[in-house]
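Everything below concerns the one structure shown next.
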Amino acid sequence: MNAKGDLIARLVTLGRPGPVFEVETFGPAHDRRFRAQVSVDGQILGHGEGRSKKDAERLAAEEALAALGALRAPAQEPEAPAADHDPATGPWPIYAAVLAQALDAALELSPEDATLDEVRLSAAQLYRDLLRDLGHGPDPA
């Protein structure tokens, strides 16, 4: 599981801004530890602590995913909010790996001065267009 990537993908599908990770280092040089906190829109969603920055961020992202309900089985996943919902046909299915690739493509295709929200919206549109082209559009409401 790539918790940070899955968290970013989940937030994109929910129409939310990207996560902000804050990491602090503590402990003596021979036993350095890292404590991470992840927030979205100023709301803290997860914490993690580990021997590396990567581990601390991963644990914080896993906690944030759990807070968002993303770790539940797909059948139990709540209906996506309005930003991810076509009122006439229902919510879009979530394929984290495809969404992550759409985000990568949107980032690569965006101008250098593009804002995070512009990249996010571009990724969401690429994702929806791809799913629609493949016949995997919204589930009926």
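Computed from the coordinates by the stated procedures, all read-outs in this text should not be read as laboratory data. Since this is a predicted model, take the numbers as computed values, not measurements. As a convention, Cβ positions derive from the backbone with ideal geometry for all residues, glycine included, and neighbour counts pool all protein chains shown.
Things to note:
- ³J(HN,Hα), Karplus 6.51/-1.76/1.60, whole Hz, each residue of the stretch 25-33, x for Gly, Pro: 10, 8, x, x, 4, 7, 9, 5, 10
- Paramagnetic reach from Asp55 (point 7 Å along Cα→Cβ, amide N under 11 Å) across the stretch 1-34: 32-34
- Computed from backbone phi, the HN-Hα couplings of the stretch 94-99 come to 10, 10, 4, 5, 5, 5 Hz, rounded to whole numbers (Karplus: 6.51 cos²θ - 1.76 cosθ + 1.60, θ = phi - 60°; Gly and Pro given as x).
- Long-range amide H partners of Gly46 with built H, under 5 Å: Val38
- Karplus-derived HN-Hα couplings along the stretch 58-64 (A = 6.51, B = -1.76, C = 1.60, θ = phi - 60°), whole Hz, x at Gly and Pro: 4, 5, 5, 5, 4, 5, 5
- Label-to-label distance for Ser39 and Leu134 is 3.6 nm, based on points extended 7 Å past Cα in the beta-carbon direction.
- Net length available on complete extension from Leu116 to Ala66 is 15.6 nm, with 0.36 nm assigned per residue and the Cα-Cα distance removed.
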